[in-house]
Amino acid sequence: MKIPILGTGLSGLVGTRVMELLEYKYDFTDLSFKTGVDITDYDQVFNVCDGSAAKTILHMAAKTDVDGCEDDKMLGEDGPAYMVNVEGTKNIVNTAKKLNLRVIYISTDFVFDGTKDFYTEEDEPNPVNWYGYTKREGEMTVVGADISHAVVRLSYPYRSSFDERTDFVRRIMEKMAKGEKLLSLTDHIFTPTFIDDIAGALDMLIEREFQSIFHVVGSQNLTPYEATGMIAKTFNLKGKYEKVTRQAYFAGRAFRPCRLALKNDKITKLGAKMRRFDEGLMEMKKQLALL
Ligand SMILES: NC(=O)c1ccc[n+]([C@@H]2O[C@H](COP(=O)([O-])OP(=O)(O)OC[C@H]3O[C@@H](n4cnc5c(N)ncnc54)[C@H](OP(=O)(O)O)[C@@H]3O)[C@@H](O)[C@H]2O)c1
C-alpha cells in the first residue's frame, strides 16, 4: 500500500520530478491552483489537509523568480513574494499544528550572503535579496513552530527534461546548440544539484523523522564558466562561451550572493547519494538517450 503524502509545488521544476520518481511509493495529494488550493488562503489549505490520511506535507510551492521577487520588494508584506513564500508557509505551518502533521519545507542556498568560502547547516543565513529574505522568513516560521519539521535547502536544481520550465543546464545546452553567444561567470561559485538526487534524499527525510536543517545539494562547487565547459564536453556541443564578471552579467538585476559553495556532508553521511556535477551530467546524458 502506498504512503499518503500532501504536497505543494508539485507542478514545478523540482516537484514534478520528485513526484515522478516517488509515486511508486507515495500517494501524493496535490495542493495547487489546479486542485483549487492557493496556499495564501488558509481555509483552502486546511480543508484539503483535514480530509487526508497523510502525516507529512512536503512544502515546495514558492515564488521562485529572483528578479520578479525583487520587484515585489516595494510592496512589502502585501506583495506576491511575501504572500506566497511567507504567508503561504504560515498557512501550511498552522494547518500542520492543528492536524499534527510533519512539514518538510524546501528552501534555498539564497538564504546566505555568499561572503564565506563554504556553508554548512550551522552557518547563519543573511539573505541579500527579497527572494532570499522571504524564503528565510519561511524557514523561521517552520523552525519556530512547535511541529515536527525538516528544512531542506536546495541549490541550482537541474534535470534531463521538463518542457514547462527550463533550468540552467538545459538553457546553456539550448543556447549552444543554436550557436547563440554565451556569457559565463568566472567570479561566482555555485553548487548544482541533480533533481533525481533530491527525490532520493526527500524519500529518506519523509521516512526518517529528523528534526533539522539539511543542505540537499550536489557534491561539487564550481564556477558557471567551469560548469559550461563540462556541459559542452559531456554533450559534445561546439558553441562559443565567453568569460564575464558578475558586475556586467547582473547589471540592473537583483543582487545575488556570489559564493554559494554549500556543503552536503550532513545528508550524505545519512546515506543520501548526491552526485557531483560531472556525474549528474553523465546521468542526464544516459536518460536523454533513452527518451
Ligand atoms: N529552481 C531553483 O533554482 C531553486 C533553487 C533553490 C531552491 N528552490 C526551491 O525549491 C522549491 C521548488 O522550486 P521550483 O523551481 O520547482 O519552483 P517552480 O518551478 O517555480 O514552481 C513553483 C511551484 O509553486 C506553486 N505555487 C506558486 N504559488 C502558489 C500558490 N499561491 N498556491 C499554490 N501553489 C503555488 C506553483 O504552482 P503553479 O504551477 O500552479 O503556478 C508551482 O508548482 C521552491 O521552494 C524554491 O524556493 C528552487
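Here is the figure for region 239-291: residues that are part of a loop (DSSP other than H, G, I, E, B) and closer than 29 Å to TYR131 by Cβ total 20. Scanning region 42-56 for residues that are outside any helix (DSSP H, G or I), of a type outside the set (Gly, Ala, Ser) and free of Cβ contacts under 8 Å to residues at least 60 places away in the same chain turns up just one, LYS55. Looking at LEU58, is it touching a helix residue (DSSP H, G or I) at 6+ places or on another chain (Cβ under 8 Å) and loosely packed, with under 15 Cβ neighbours inside 10 Å? Considered against the rule, which asks whether it is touching a helix residue (DSSP H, G or I) at 6+ places or on another chain (Cβ under 8 Å) and loosely packed, with under 15 Cβ neighbours inside 10 Å, LEU58 comes out as no. Of the residues making up region 144-165, not one is under 15 Å from VAL217 (Cβ atoms), away from the ligand (no atom under 13 Å from the Cβ) and assigned to a loop (DSSP other than H, G, I, E, B). If the condition is being out of contact with any strand residue (DSSP E or B) (no Cβ under 8 Å at 6 or more places or on another chain), not in a loop (DSSP other than H, G, I, E, B) and not basic (Lys, Arg), then region 23-34 contributes only PHE33. If you filter region 57-108 down to residues that are touching a Ser or Thr at 6+ places or on another chain (Cβ under 8 Å) and in a strand (DSSP E or B), you find that the one that is farthest from the ligand (Cβ to nearest atom) is ARG102. With respect to the conditions (1) within 13 Å of LEU6 (Cα to Cα); (2) among the hydrophobic types (A, V, I, L, M, F, W, C); (3) touching a residue at least 40 places away in the same chain (Cβ under 8 Å); (4) assigned to a strand (DSSP E or B), ILE39 falls short on a single one, namely (4). For VAL143, indicate whether it is among the aliphatic types (A, V, I, L, M), surrounded by fewer than 19 Cβ atoms within 10 Å (Cβ to Cβ), in contact (Cβ under 8 Å) with a residue 60 or more places away in the chain and farther than 21 Å from ARG253 by Cβ. Spelling it out, VAL143 is indeed among the aliphatic types (A, V, I, L, M), surrounded by fewer than 19 Cβ atoms within 10 Å (Cβ to Cβ), in contact (Cβ under 8 Å) with a residue 60 or more places away in the chain and farther than 21 Å from ARG253 by Cβ. Under 7 Å between Cβ atoms, which residue pairs at least 6 apart in sequence (or on different chains) link something in region 1-29 that is within 14 Å of LEU202 (Cα to Cα) and modelled with pLDDT of 95 or more with a partner that is of a type in the set (Asp, Glu) and within 12 Å of the ligand (Cβ to nearest atom)? Taking only residues 6 or more apart or on different chains, the pairs are GLY7/ASP30; LEU10/ASP30.
Among residues of region 68-85 that are small (Gly, Ala, Ser), those with a beta-carbon under 9 Å from a residue that is part of a helix (DSSP H, G or I) and more than 13 Å from the ligand (Cβ to nearest atom) at least six positions away or on a different chain give the pairs GLY79/ASP71; GLY79/LYS73; ALA81/GLU70; ALA81/ASP71; ALA81/LYS73; ALA81/LEU75. Inside region 94-128, residues that are polar (S, T, N, Q) and within 16 Å of the chain's Cα centre (by Cα) make up a count of 2. For region 205-238, the set of residues classified as in contact with a Ser or Thr (Cβ under 9 Å, 6 or more places away or on another chain), among the small types (Gly, Ala, Ser) and either assigned to a loop (DSSP other than H, G, I, E, B) or closer than 28 Å to ALA145 by Cα (or both) consists of GLY218, SER219, listed by residue number.
Quick check on region 134-143. Is at least one of its residues of a type in the set (Lys, Arg), within 15 Å of the ligand (Cβ to nearest atom), part of a helix (DSSP H, G or I) and within 21 Å of ASP113 (Cβ to Cβ)?
yes
As a summary of the residue check, THR228 satisfies the conditions (1) β-branched (Val, Ile, Thr); (2) surrounded by 22 or more Cβ atoms within 10 Å (Cβ to Cβ); (3) within 21 Å of LEU290 (Cα to Cα) except for the one numbered (3).
The values are calculated or read from the model by the stated rules, or taken from the named source; none is laboratory data. All values derive from a computational prediction rather than experimental measurement. As a convention, Cβ positions derive from the backbone with ideal geometry for all residues, glycine included, and neighbour counts pool all protein chains shown.
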